[in-house]
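Structure record follows, encoded as structure tokens.
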Amino acid sequence: MPELPEVETIVRQLAGHLPGRRVQDIEVCRADLLRESAEDFSRGLQNRDIVAITRRGKNILLSLSDQSLLLVNLGMTGRLLFRADGSTDPPPTHLGIRFQLCPGGSLLYTDIRRFGHLLRYSKAAWGKENRRLGPEPLGRWLTHHRFHTSLQTSRAPIRSWLLDQKRVAGIGNIYAAEALFRAGVHPFRKARGLNREESKALLKGIRKVLREAIWAQGTTLRDYRTASGGRGGFGPSLQVYGRAGEECPTCKAAIERIVFANRSAFFCPHCQPEVL
DNA sequence: AGTGTATCCTGCAGGC
DNA sequence: TGCCTGCAGGATACAC
């Protein structure tokens, strides 16, 4: 569910609450969210101070006072909510893990489908894992030239390439569809088949749609919520995702939906021709 | 090596 | 009303 803009929104909100707070107590309601025992997980976090919160791709990273790190991946339906003490909000459904913080407040991880996970890393172990992720699409390192060069190494359909977190980190099915539409590139096209002009348009499209979605605090189709429980406002700005049968905003042709790699792809057959 | 597919899990919408 | 099917923003183990 949550792609880069959604995760960025959550991180920005939590940055106003978490740093400076201590993890006082941990309640694990759903142990299958972890890859270690609930006891080890709790022991590794208890009494650590949260120093910082950042994002890498679609992952949320909490830096702790002992140099270790807690990674939160929200999967499809994960939420990370901050609740002040005495909050009148109703208790969340599908609570997975509750972190009681000091001085005051709690951090709640909820997840209907439980595709998400929480992982502790040492500084060194995270460094190694981090290198396996592709560059940040909004980062300065990823130039048009590097993007184009990277595309040339793959025969995969460009939609699959964009979803592969080892290529570029943070893009999911919604923003892949939107970026391809903005660039006029059919999702089926081979990555290495894009010429310089097309790859430049694609990177520009990716950056534009991600920035606009961050500005709108992400896209709530159903389950995504910000850290304060709010909804993202980018939904009405989606031009093709979820709009099969509707008119293309550019040319009025009917938007099509095809399924490959087990996922829907939405595109305009006129603005995004499969063959040039 | 580099791809596509099936699978984990729950909830909801739509058809009958 | 209720049962059934298909579909969902992600990541990964496997087969080819």
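Every number here is computed from the coordinates shown, using simple stated rules; none is lab data. Just so it is clear, the model here is predicted, and its values are computed rather than measured. Reconstructed Cβ throughout: ideal geometry from the backbone, glycine too, with neighbour counts over all protein chains shown.
Taking Cα centroids, how far is the range A:158-185 from the range A:224-276 in Å? Cα centres, the range A:158-185 to the range A:224-276: 12 Å.
Rounding to the nearest 20 debye, state how big the charge dipole of the range A:178-266 is about its Cα centre with +1 on each Lys and Arg Cβ and -1 on each Asp and Glu Cβ.
320 debye
Quick check on the range A:4-130: take the gyration tensor over C-alpha atoms, sort the square-rooted eigenvalues as a ≥ b ≥ c, and tell me if it's rounded (a/c under 1.5), prolate or oblate. Cα axes put the range A:4-130 in the rounded bin.
Between 0 and 90 degrees, the angle of helix A:196-215 with respect to the longest Cα principal axis of chain A falls at about 40 degrees. Taking the number of Cβ atoms within 10 Å of each Cβ as an exposure proxy, the fewest-first ranking of A:S65, A:S42, A:S199 is A:S65, A:S42, A:S199.
Placing unit charges on the Cβ atoms only, positive for Lys and Arg and negative for Asp and Glu, gives the range A:4-130 a dipole magnitude near 320 debye about its Cα centre.
With 20 Å as the limit, the listed pairs A:K58/A:K166; A:K58/A:K208; A:K204/A:K252; A:K58/A:K128; A:K166/A:K190 have A:K204/A:K252 beyond it between alpha carbons. Simple point charges give the picture: +1 on the Cβ of Lys and Arg, -1 on the Cβ of Asp and Glu, and for chain A a dipole about the Cα centre of about 900 debye. Ordering A:G184, A:L151, A:A216 by the projection of their Cα atoms onto the charge dipole of the range A:144-267, which places +1 on the Cβ of Lys and Arg and -1 on the Cβ of Asp and Glu, puts A:L151 at the extreme positive end.
A protection proxy built from the mean count of other Cβ atoms within 10 Å ranks the segments A:113-120, A:4-11, most packed first, as A:4-11, A:113-120. Computed from the Kirkwood radius of its Cα pairs, the Stokes-Einstein diffusion coefficient for chain A at 37 °C and 0.692 mPa s stands at 167 µm²/s.
Taking the fewest neighbouring Cβ atoms within 10 Å as the starting point, the ordered list for A:D164, A:D32 is A:D32, A:D164. Couplings 3J(HN,Hα) of the range A:233-250, computed from phi: x, 7, x, x, 8, 5, 9, 10, 4, x, 10, 3, x, 7, 6, 4, x, 8 Hz, in residue order, whole Hz [Karplus 6.51 cos²θ - 1.76 cosθ + 1.60, θ = phi - 60°; x for Gly and Pro]. Per-residue Karplus couplings for the range A:106-117, computed as 6.51 cos²θ - 1.76 cosθ + 1.60 with θ equal to phi - 60°, are listed in order as 9, 10, 10, 9, 10, 6, 4, 8, 6, 8, x, 7 Hz, Gly and Pro entered as x. The value of relative contact order for chain A, using C-alpha pairs under 8 Å at least six residues apart, is 19 percent. The residue among A:P2, A:V23, A:A253 whose Cα reaches farthest toward the positive pole of the charge dipole of chain A, with charges on the beta-carbon of Lys, Arg, Asp and Glu, is A:A253. When A:V72, A:V209 are arranged by Cβ crowding within 10 Å, least crowded first, meaning fewest neighbours, the order is A:V72, A:V209. Highest GNM mean-square fluctuation among A:E256, A:E39, A:E198, for chain A modelled with Cα contacts below 10 Å: A:E39. Considering helices alone, the calculated mean residue ellipticity of chain A at 222 nm is -7500 deg cm²/dmol, with DSSP H runs of length four and up weighted by -39500 (n - 2.57) and normalised per residue.
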